[in-house]
Structures are given as C-alpha cells and as structure tokens.
Amino acid sequence: MLNKTFLQVGALMALLGVVLGAFGAHSLKALLPVDRLATFEIGVRYQMYHAIAIVLVALLTPYLPKRSIKGAGWLFLAGIILFSGSLYLLACRDVIGLTTWRWLGPLTPIGGVCFIAGWAWLFIAANKLDVKISK
C-alpha cells in the first residue's frame, strides 16, 4: 500500500522548496550578496531533489522492505532539514541576526551524509526488489 505519510511529507517539502525558491529569487535578491544567494539556491535545489525522492519512497513502499524504504525516507527528510535548512540560515544569517550562530556550518555536511545514507538505503532496498518485468 502507498505510504501516505511520505507522500504528504514529500509534497510538503516540494511545496516549501518552491516557496523558498521564489522567496530567494524575488525577495532575497536585493538583500544578499551573490555568493550567499547561490548558497540559498543550492539549499532549494537539494530540497527539491529530495522532496521528489521522498515521494518516490511513498510510491515504492508496496514493493520494498518496509524498514529499508522507510529508513531512506526519514534520512532524506533529515538531510533536507540539516543540509538545506543550515544553508538557508547560513545564507541569511546577517539579515535575520544569526551572525554568532557558528554551529550552523557543521550541520550542512551532516545533512549531506543523511542524503548519501538515504540513497544507500534505497539502493540496498532495491536489491531486495522482487518484481517480474514483462515484455
């Protein structure tokens, strides 16, 4: 059965990705230097990639071992929060007054590791896939 939770989470993350992308392109353009705007856009890009991956997890749930596929979905979400979230805050830190929050920087690679681990879990789950392909 399709996983409703991951379908909703993936759709919500994609919706927020579009909103944040538009916000960055229209509102932040005048407030951020080019390099910080590029950092923000990387966060949006990876959020969108992994929102789609979460929707994929929802769609693949009936075919793959539940533990493996759910693990991938939660790792993708953790990656969005840690990787993209930290990039958003780092890019906007001067605008929102977070200049002393130096601990944000190390969250980005931890989020990246979550993305990598999520794809690895999905790969491992796919090895257990038992679907007959007809011609």
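The values are calculated or read from the model by the stated rules, or taken from the named source; none is laboratory data. Bear in mind that the values here come from a model prediction, so they are computed numbers and not experimental data. Virtual Cβ from ideal backbone geometry, glycine too; neighbours counted across all protein chains shown.
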Completion exercise
Residue pairs qualifying under the 6 Å Cβ cut-off, at least six apart or on distinct chains, with the first in the range 105-127 being free of Cβ contacts under 8 Å to residues at least 60 places away in the same chain and the second being part of a loop (DSSP other than H, G, I, E, B) and surrounded by 21 or more Cβ atoms within 10 Å (Cβ to Cβ), are none
Handout entry: Members of the range 96-124 found to be modelled with pLDDT of 90 or more, more than 14 Å from LEU82 (Cβ to Cβ) and over 12 Å from the mean Cα position of the chain (by Cα), listed by number
Key = ALA120, TRP121, LEU122, PHE123, ILE124
Practice task
For the range 44-98, name all the residues that are of a type in the set (Phe, Trp, Tyr) and part of a helix (DSSP H, G or I).
Solution key: TYR46, TYR49, TRP74, PHE76, PHE83, TYR88
Practice task
With respect to ALA38, determine if the residue is among the aliphatic types (A, V, I, L, M), part of a helix (DSSP H, G or I), more than 13 Å from the chain's Cα centre (by Cα) and more than 18 Å from PHE76 (Cα to Cα).
Solution key: yes
Problem - Number of positions in the range 37-65 that are farther than 18 Å from TRP121 by Cα and among the small types (Gly, Ala, Ser) - result: 2
Fill in the blank from the handout: Matching residues in the range 66-95 (closer than 14 Å to ALA120 by Cα and not small (Gly, Ala, Ser)) number 6
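Could you list all residues from the range 37-52 that are surrounded by 22 or more Cβ atoms within 10 Å (Cβ to Cβ), closer than 13 Å to PHE23 by Cα and out of contact with any Ser or Thr (no Cβ under 6 Å at 6 or more places or on another chain)?
First, the residues of the range 37-52 that are surrounded by 22 or more Cβ atoms within 10 Å (Cβ to Cβ): 40, 43-44, 47, 50-51.
Still in the running and closer than 13 Å to PHE23 by Cα: 40, 43-44.
Scanning the range 37-52 gives PHE40, VAL44.
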Problem - Contacts under 6 angstrom Cβ, first residue in the range 1-27 being more than 16 Å from ILE42 (Cβ to Cβ), partner at pLDDT below 95, 6 or more apart - result: MET1/PRO62; ASN3/THR61
Problem - Every residue from the range 5-60 that is among the basic types (Lys, Arg) and at pLDDT below 95 - result: LYS29, ARG36
